[in-house]
Amino acid sequence: MLGKNNSADNHRKQPNPPLSFWQRYQTPILLTLVGGAIDTIGFITLFGFFTAHVTGNLVMAGSGLVKGEDGLWIKLAALPLFILTVMATKTFIDKSKQQQLMLSHLFLAEAIFLTAFMSAGLYFQPFIEAGDITVAITGGLGLIALAIRNTASKTVIKHMSPTVLMTGNTTQLGINLTDYLGNRSVDNAKKLKHSSALVLSFLIGALVGAVLYIQLNYWAVGLFVLPVLYLSVMARDKEFLSHIG
């Protein structure tokens, strides 16, 4: 009897098997893939409008001012719209009474606005004038979706690598590659694999997004809403949240 009890105790004390690379990093990889695709589709169709970050829009606004291009006001308006979205999202996070479901709700909100971005694109196309209100509405909906994502990245999942701004991730890739070449340890290899996966995911997302847009028009956006919805469902699970990103 004692032997059986010891056996049961040993079975209970066995450590959980180590997580696979995909189990640990599926969230940043999927989000980065989506970010690359949505940013590319918006840039192609909305006269150089960036949905994923404000910096590109400010640069394009400066370029448009010098060249006398239309649509300057839309790119400048991206800054206050982004800030207002961040403020609204942060307020929602602070006041929510369901913190354990917060990330799930944020992913769901992103998916809703990406769907609205797709719907607006389908309804308003073809876009003819860079300064038209239809460009502003469509681009603004995509911007709001990824502004929600950026806010989540700075608050709820601030330990996770950025999933839409690749300058920092590319810099980290260079650092990790240097460290690995100097010391090929398991830890350095793991860090290099992580940063490489993020940069590659964004690149793949950008390329696939462009190709799918050519084939499917704005319906292509719907394919990239699916991973965000999947993560919204997964983020309701405590075990998933414990090893996210």
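The values are calculated or read from the model by the stated rules, or taken from the named source; none is laboratory data. Since the model is a prediction, treat every value here as computed from it, not as a measurement. Heads up, the Cβs are rebuilt from the backbone with ideal geometry, glycines too, and the neighbour counts pull from every protein chain shown. For accessibility, only protein heavy atoms count, side chains too; no ligands or nucleic acids. Shrake-Rupley method; radii C 1.70, N 1.55, O 1.52, S 1.80 Å.
Identify, from the list ILE41, ILE133, ILE83, the residue that is within 21 Å of VAL221 (Cα to Cα), surrounded by fewer than 17 Cβ atoms within 10 Å (Cβ to Cβ) and not basic (Lys, Arg).
Among ILE41, ILE133, ILE83, only ILE133 is within 21 Å of VAL221 (Cα to Cα), surrounded by fewer than 17 Cβ atoms within 10 Å (Cβ to Cβ) and not basic (Lys, Arg).
How many residues, within the stretch 86-114, are within 20 Å of PHE49 (Cβ to Cβ), open to solvent by 30 Å² or more (accessible area, probe 1.4 Å) and not aliphatic (A, V, I, L, M)?
Number satisfying all stated conditions: 1.
Does PRO126 qualify as being assigned to a loop (DSSP other than H, G, I, E, B), free of Cβ contacts under 8 Å to residues at least 60 places away in the same chain, over 21 Å from the mean Cα position of the chain (by Cα) and on the phi < 0 side of the Ramachandran plot?
Yes: the conditions hold for PRO126.
So if I check each of LEU173, LEU146, LEU207, which one is under 29 Å from LEU79 (Cβ atoms), among the aliphatic types (A, V, I, L, M), in contact with a helix residue (DSSP H, G or I) (Cβ under 6 Å, 6 or more places away or on another chain) and part of a helix (DSSP H, G or I)?
Every option except LEU173 fails the conditions.
Residue pairs, Cβ under 8 Å, 6 or more apart or interchain, first in the stretch 15-36 and more than 13 Å from LEU231 (Cα to Cα) and open to solvent by less than 80 Å² (accessible area, probe 1.4 Å), second hydroxyl-bearing (Ser, Thr, Tyr) and in a loop (DSSP other than H, G, I, E, B). List them.
GLY35/THR163
In the stretch 209-233, what count of residues is obtained for those that are of a type in the set (A, V, I, L, M, F, W, C), open to solvent by less than 60 Å² (accessible area, probe 1.4 Å) and over 14 Å from the mean Cα position of the chain (by Cα)?
Result for the stretch 209-233: 3.
Quick test of your reading of the structure: THR178 fulfils all but one of (1) of a type in the set (S, T, N, Q); (2) without any contact (Cβ under 8 Å) to a residue 12 or more places away in the chain; (3) within 21 Å of GLN23 (Cβ to Cβ). Name the failing condition by number.
If we test THR178 against (1) of a type in the set (S, T, N, Q); (2) without any contact (Cβ under 8 Å) to a residue 12 or more places away in the chain; (3) within 21 Å of GLN23 (Cβ to Cβ), just (3) comes out false.
Would you check which residues across the stretch 163-176 are surrounded by fewer than 21 Cβ atoms within 10 Å (Cβ to Cβ) and either among the small types (Gly, Ala, Ser) or under 11 Å from the mean Cα position of the chain (by Cα) (or both) and list them?
Scanning the stretch 163-176 gives LEU165, GLY168, GLY174.
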